[in-house]
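> One structure is given below, represented as structure tokens, and several questions about it will come after.
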Amino acid sequence: MCGIVGYVGEKQALSVVVEGLRRLEYRGYDSAGVAVVADGLLDTRKKAGKLANLETLLGTDPLPQSTIGIGHTRWATHGGPTDGNAHPHVSEDGKVAVIHNGIIENFAELRAELTGAGVTLSSETDTEVVAHLLAAVLPETGHDLAEAMRRVCRRLSGAFTLVAVHSDIPDVVVGARRNSPLVVGRGDGENFLASDVAAFIAHTRHATELGQDQVVELRRDGVVVTTFDGAPAEVTEYEVTWDASA
């Protein structure tokens, strides 16, 4: 099972995200990657193999400082465990980055639609189609990333958790869940997304479990959860009673 981490707040996002990925290594994976938004630009690093390989890359080719970021550890499904197939995947305009757990069952149909529209895909994954679809839909939403995610999710079949950021919207992380776990960590002036509370337990014990077919919009000062249709959603809030060492 792959690992997902997202962060928006006041800390250096890369440190929070990599720490969270390290706490999710128990899940098993064959590549890892991160993305941050800084100074109006999206920047990613990803590497096949263990998280240590990604950390080595970050040491030689560092990312800019940023307070918003996402990270992923992948277990290959569509496409082998290569640098190019590792997450995050980025839209053709270089503005949207997406990470994904699960399988998008109708990706071949969506991929054919994108290539027919002239989009060049650079990986073998089902995930990449979501990045391109978000980029295509976003102008129609008034640059509302959560609404773009809702529209794209209504087109997807399968089981998936999706998390996305956009370089023109530097204060928002958006996630979506269908048949795959995603949990919010609520902090003071910061918020977290993860596939498991272990990723953020060192920072907060306040958690929100997302329900089926829900989209979450994270900003440092708040969290908004809706259904795929845009209606306000009911969520389950709870306190994590165990600590990081447990």
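> State whether the residues of region 156-174 include one that is closer than 20 Å to Asn191 by Cα, among the acidic types (Asp, Glu), touching a residue at least 60 places away in the same chain (Cβ under 8 Å) and open to solvent by 60 Å² or more (accessible area, probe 1.4 Å).
yes
> Return the residues of region 3-38 that are over 19 Å from Gly189 (Cα atoms), of a type in the set (Ser, Thr, Tyr) and either surrounded by fewer than 24 Cβ atoms within 10 Å (Cβ to Cβ) or touching a His at 6+ places or on another chain (Cβ under 6 Å) (or both); say none if nothing qualifies.
Tyr26, Tyr29
> On to the next question. Could you grab me the full set of residues in region 22-58 that are in a helix (DSSP H, G or I) and at pLDDT 90 or above?
Arg22, Arg23, Leu51, Ala52, Asn53, Leu54, Glu55, Thr56, Leu57, Leu58
> Residues being in contact with a Leu (Cβ under 8 Å, 6 or more places away or on another chain) and more than 19 Å from Pro62 (Cα to Cα): count how many of those fall in region 9-28.
Residues flagged as in contact with a Leu (Cβ under 8 Å, 6 or more places away or on another chain) and more than 19 Å from Pro62 (Cα to Cα) within region 9-28 amount to 1.
> Can you tell me how many residues in region 75-90 are open to solvent by 10 Å² or more (accessible area, probe 1.4 Å) and at pLDDT below 90?
Let us first name the residues in region 75-90 that are open to solvent by 10 Å² or more (accessible area, probe 1.4 Å), namely 75-84, 90.
Narrowing further to those that are at pLDDT below 90: 75-84.
Result for region 75-90: 10.
> How many of the residues in region 91-147 are open to solvent by 60 Å² or more (accessible area, probe 1.4 Å), closer than 19 Å to Gly40 by Cα and touching a residue at least 40 places away in the same chain (Cβ under 8 Å)?
Residues meeting the conditions: 3.
> A follow-up question, please. Which of (1) modelled with pLDDT under 95; (2) farther than 20 Å from Asn101 by Cβ; (3) assigned to a loop (DSSP other than H, G, I, E, B); (4) of a type outside the set (Lys, Arg) is the odd one out, the single condition Gly211 does not satisfy?
For Gly211, the failing item is (2).
> Confirm whether Arg177 is surrounded by 16 or more Cβ atoms within 10 Å (Cβ to Cβ) and more than 16 Å from the chain's Cα centre (by Cα).
no
> Before we move on, is Gln65 over 18 Å from the mean Cα position of the chain (by Cα) and among the polar types (S, T, N, Q)? It would help to see each step written out before you state the result.
Values: over 18 Å from the mean Cα position of the chain (by Cα): yes; among the polar types (S, T, N, Q): yes.
Yes.
> Of the residues that make up region 194-209, is at least one aliphatic (A, V, I, L, M), in contact with a strand residue (DSSP E or B) (Cβ under 6 Å, 6 or more places away or on another chain) and closer than 20 Å to Val152 by Cβ? Break it down into steps so the answer makes sense when it comes.
Let us first name the residues in region 194-209 that are aliphatic (A, V, I, L, M), namely 194, 197-199, 201-202, 207.
From the residues that got through so far, the ones that are in contact with a strand residue (DSSP E or B) (Cβ under 6 Å, 6 or more places away or on another chain) too are 194, 197, 199, 207.
Right, trim to closer than 20 Å to Val152 by Cβ and you get none.
Looking for residues that are aliphatic (A, V, I, L, M), in contact with a strand residue (DSSP E or B) (Cβ under 6 Å, 6 or more places away or on another chain) and closer than 20 Å to Val152 by Cβ, one finds none in region 194-209, hence no.
> Let me ask another. Filtering region 209-222 down to residues that are buried (at least 18 other Cβ atoms within 10 Å of the Cβ) and not charged (D, E, K, R), which residue is nearest to Gly187 (Cα to Cα)? Let's see the steps before the verdict.
Going through region 209-222, the residues buried (at least 18 other Cβ atoms within 10 Å of the Cβ) turn out to be 210, 214-218, 220.
Okay, now just the ones that are also not charged (D, E, K, R), so 210, 214-216, 218.
Working: Leu210: 16, Gln214: 21, Val215: 19, Val216: 15, Leu218: 11 Å.
Selected residue: Leu218.
The values are calculated or read from the model by the stated rules, or taken from the named source; none is laboratory data. Everything numeric here is computed off the predicted structure, so don't read it as measured data. So basically every Cβ, Gly included, is an ideal-geometry build from the backbone, and we count neighbours across all protein chains shown. The area values use the complete protein model at the heavy-atom level, side chains included, leaving out ligands, DNA and RNA. Shrake-Rupley method; radii C 1.70, N 1.55, O 1.52, S 1.80 Å.
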